[in-house]
Amino acid sequence: MKDNLNIVPFVSVENMMRLVLDRGMENCMAEIAEYLEEDFRRWPLFDKTPRVASHSREGVIELMPTSDGIDYGFKYVNGHPKNMKEGLQTVTAFGLLASVETGYPVLLSEMTVLTALRTAATSAVATKYLARKGSKTLALIGNGAQSEFQALGLKKICGIDTVRLYDIDPAATEKCAGNLADSGLTIVKCDTPQGAIEGADVVTTCTADKKYSTILTDNMVGAGIHINAIGGDCPGKTELHKDILLRSDIYVEYPEQTRIEGDIQQLDDDYPVKELWQVLTGEIDGRSDDKAITLFDGVGFAIEDFSALRWLRDALKSSDKYQDLDMIADPDDPRDLFGMVRREAQRLADS
Ligand SMILES: NC(=O)c1ccc[n+]([C@@H]2O[C@H](COP(=O)([O-])OP(=O)(O)OC[C@H]3O[C@@H](n4cnc5c(N)ncnc54)[C@H](O)[C@@H]3O)[C@@H](O)[C@H]2O)c1
């Protein structure tokens, strides 16, 4: 029982990058998507709560907890759109898995890279179940940190072969196009958002601005399109014109959170939305026909991070890409925490 439980595997950014490179970026997203699908299918048994958010003028810091009764997980994540101009990431994260039985942590990890992988895997799962069959062309609006992951996730999991890029900052589009140059995707750089969504089967909006933006206006969105709107994820931070929402079949992760944070914050509190997990279990239908507009109003929910951490824990079984962290004070006599500190003082004095 007491088998080095005080030592917690820790995955640093360096080890995460090496693990992902070892397994292949696209393979990792496909594997995470499998864990996501598994957890979406057992959605009702999870503890669920809207994330705990601390808002400021500059951004937000959030805690995202959940449990399946065996493991407990949480992620710390921020969202600071102004950071990018200061040379900092908009989104950074780390997270932890713990045993429900003992309460002891079993894994601590960086989650900035892992969040990008899981967010792309989540968009891909939504696209797989909601987009028209045979969708090949993705419009990617917002070409920042998340963008390449979104492109590769949708390529690997949904068969996207062409990506049309647009960002208000042409340097971001150049960066994204450069990073995807050897991906096997056909990359088209566009000067306007209208140009980007021309001929697109799927649109992912992943922009960052702390305001009610209208990245897509109603006239830009034609019949049959599937939209992953992932950048509107905070009160007062949206991406789509309200009229698009009114024409779409809207799918969300956890309505109680999405009504606060998602694009649907623009709608009445009781506006009908569907829950993505129920499409996976077959409890509700996905796309009704080829003309429907489907919208995944993705804000990022704790269960997705839990799935990503479960994937990571299993991936570490065949990898050495972690360090042992002496993280939990665990005296031989559990009541003698004080004595453990005293013995250390003695050891220091003796050495
Ligand atoms: N739903 C989720 O699970 C999830 C997960 C991670 C990040 N996010 C959100 O996704 C968004 C993107 O994250 P990121 O890490 O890529 O941010 P980032 O700052 O690296 O990139 C954002 C990009 O959006 C561009 N942009 C801003 N306004 C635009 C506009 N009007 N039209 C076109 N492009 C515009 C910026 O120039 C920038 O290149 C953020 O809002 C973040 O909060 C959501």
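Every number here is computed from the coordinates shown, using simple stated rules; none is lab data. None of the values given here were measured: they were computed from a predicted structure. As a convention, Cβ positions derive from the backbone with ideal geometry for all residues, glycine included, and neighbour counts pool all protein chains shown.
About its Cα centre, the dipole of the chain is roughly 500 debye, where the only charges are +1 on Lys and Arg Cβ and -1 on Asp and Glu Cβ. Antiparallel beta bridges, as assigned by DSSP with both residues in the stretch 132-299, represent about 5 percent of the total such bridges. Here the 3J(HN,Hα) profile of the stretch 191-205, calculated from phi with Karplus coefficients 6.51, -1.76 and 1.60 at θ = phi - 60°, is 8, 9, x, 4, x, 5, 8, 4, x, 7, 8, 10, 10, 10, 9 Hz, Gly and Pro shown as x. Looking at the chain alone, DSSP beta bridges between its own residues are antiparallel in about 50 percent of cases. What the Cα atoms of the stretch 21-94 give is an Rg and a Dmax of 15.6, 42 Å.
Once the Cβ-Cβ distance of Tyr104 and Lys133 is raised to the sixth power relative to R0 = 45 Å, the FRET efficiency obtained is 0.45.
Would you mind classifying the stretch 158-207 by shape? Square roots of the alpha carbon gyration tensor eigenvalues, ordered a ≥ b ≥ c; an a/c under 1.5 is rounded, otherwise it is prolate if a/b is larger than b/c and oblate if not. Note, shape of the stretch 158-207 comes out oblate. Give me the base-10 log of I(q)/I(0) for the chain at each q in 0.08 Å⁻¹, Debye formula, one uniform scatterer per Cα, rounded to two decimals. Calculated log10 I(q)/I(0) at the listed q: -0.40. Connecting C-alpha atoms closer than 10 Å in a GNM of the chain, tell me which of Leu185, Leu140, Leu154 has the biggest fluctuation. Result: Leu185 has the largest fluctuation of those listed. Scaled against the 2.2 N^0.38 Å expected of a compact globular protein of N residues, the Cα radius of gyration of the stretch 132-299 reads 0.98. The 3J(HN,Hα) values that the Karplus relation (6.51, -1.76, 1.60; θ = phi - 60°) gives for the stretch 158-173 are, in residue order, 10, x, 5, 10, 9, 10, 9, 9, 8, 8, 4, 9, x, 5, 5, 5 Hz. Gly and Pro appear as x. Around the amide H of Val203, modelled in the peptide plane, lie the amide H atoms of Ala139, His226, Ile227, Asn228, all under 5 Å away and 5 or more residues distant in sequence or on another chain. Could you tell me which of rounded, prolate or oblate describes the stretch 122-230, using a ≥ b ≥ c as the square roots of the eigenvalues of the alpha-carbon gyration tensor, with rounded for a/c under 1.5 and, failing that, prolate when a/b is larger than b/c and oblate otherwise? Because its axes are fairly even, with a/c under 1.5, the stretch 122-230 counts as rounded.
Shown in residue order for the stretch 116-126 are the 3J(HN,Hα) couplings computed by the Karplus curve 6.51 cos²θ - 1.76 cosθ + 1.60 at θ = phi - 60°: 4, 5, 6, 5, 5, 5, 5, 4, 5, 5, 4 Hz (x for Gly and Pro). Solvent-free Debye calculation, one equal scatterer per alpha-carbon of the stretch 210-351: log10 I(q)/I(0) at 0.09, 0.11, 0.22 Å⁻¹ equals -0.49, -0.60, -1.30. The lysines whose alpha-carbon is closer than 26 Å to the alpha-carbon of Lys133, local same-chain residues fewer than 8 away aside, are Lys155, Lys156, Lys189, Lys274, Lys291. With the helix formula -39500 (n - 2.57) applied to DSSP H stretches of n ≥ 4, the chain reaches a computed 222 nm mean residue ellipticity of -10500 deg cm²/dmol.
Taking the longest Cα principal axis of the chain as reference, the axis of helix 13-23 is set at about 60 degrees.
A DSSP coil position with no more than 10 other Cβ atoms inside 10 Å describes the following GluC sites (Glu not before Pro) in the stretch 35-134: Glu101.
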